[in-house]
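See below for the structure under consideration.
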Amino acid sequence: MWHHYVAAAFEAEKTMRMLKRTGAVLSAVLAGWSAIGIAHGAEKYEEEQYHVDKHMFDCSPKILKSDQTLVITQVPQQGLELAVQRLKGNVWYYLVQHGFIGDEKFKPLMSSEEFAAARRVEIPATITAYRSGPNGPLERVFSKPGRYILYTSDTLGSERGGYICTINYVK
């Protein structure tokens, strides 16, 4: 009789270990699907708000090196503001903002009016800007290798949307 209890306890323990492993795997799978869903939802929202249209807004080279200049070409009056997002870490820099004139340490790339009128804008890979966020530091925008997205809109952060172009920065 005692043997049946030991065998049942052993089977129960084995089943619990299997359920824990299965639960851990299931948790990991669900977390992965959740992340994919969130990312897909963000991409879907972004696609609806911001468009890739090389005739309206484009940037080159697509692979930017630290000693190069990024060139934006655009149709005038398509955007009054310009932001750069480093995807790794979701870090944002605003290079042109309507009404922002800068301070002693930082002067914006240009005014929003100048940006809106420009067909071609040159941005050195060494450009600095304030990192977006509370008391963001003044730092080099293209400092870490990876993918960067440039956004232009008449009002960044609104539901109006605008245009984007994507580059990869390498050192």
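The values are calculated or read from the model by the stated rules, or taken from the named source; none is laboratory data. Remember, predicted model here, so these are calculated numbers, not experimental data. Here Cβ is always computed from backbone atoms with ideal geometry, including for glycine, and neighbour counts include all displayed protein chains.
Looking only at residues of segment 86-109 that are charged (D, E, K, R) and at pLDDT below 90, we find that the one that is nearest to the chain's Cα centre (by Cα) is LYS107. For residues in segment 118-143 being surrounded by fewer than 13 Cβ atoms within 10 Å (Cβ to Cβ) and farther than 12 Å from ILE72 by Cβ, which is modelled with the highest pLDDT? Among residues in segment 118-143 that are surrounded by fewer than 13 Cβ atoms within 10 Å (Cβ to Cβ) and farther than 12 Å from ILE72 by Cβ, the one modelled with the highest pLDDT is GLU139. Across segment 53-69, the number of residues qualifying as part of a loop (DSSP other than H, G, I, E, B), modelled with pLDDT of 95 or more and of a type in the set (A, V, I, L, M) comes to 0.
The residues listed here are ARG120, ARG86; of these, the one that is of a type outside the set (A, V, I, L, M, F, W, C) and touching a residue at least 60 places away in the same chain (Cβ under 8 Å) is ARG86.
Selection of strands (runs of 3 or more DSSP E) fully inside segment 73-171 by the criterion of at least 1 residues being in contact with an Asp or Glu (Cβ under 8 Å, 6 or more places away or on another chain) returns 81-86, 91-96, 128-130, 146-153, 162-170.
I'd like the residue in segment 153-171 that is farther than 17 Å from SER66 by Cα and at pLDDT 95 or above and, out of all such residues, is surrounded by the most Cβ atoms within 10 Å (Cβ to Cβ). Here the answer is CYS165.
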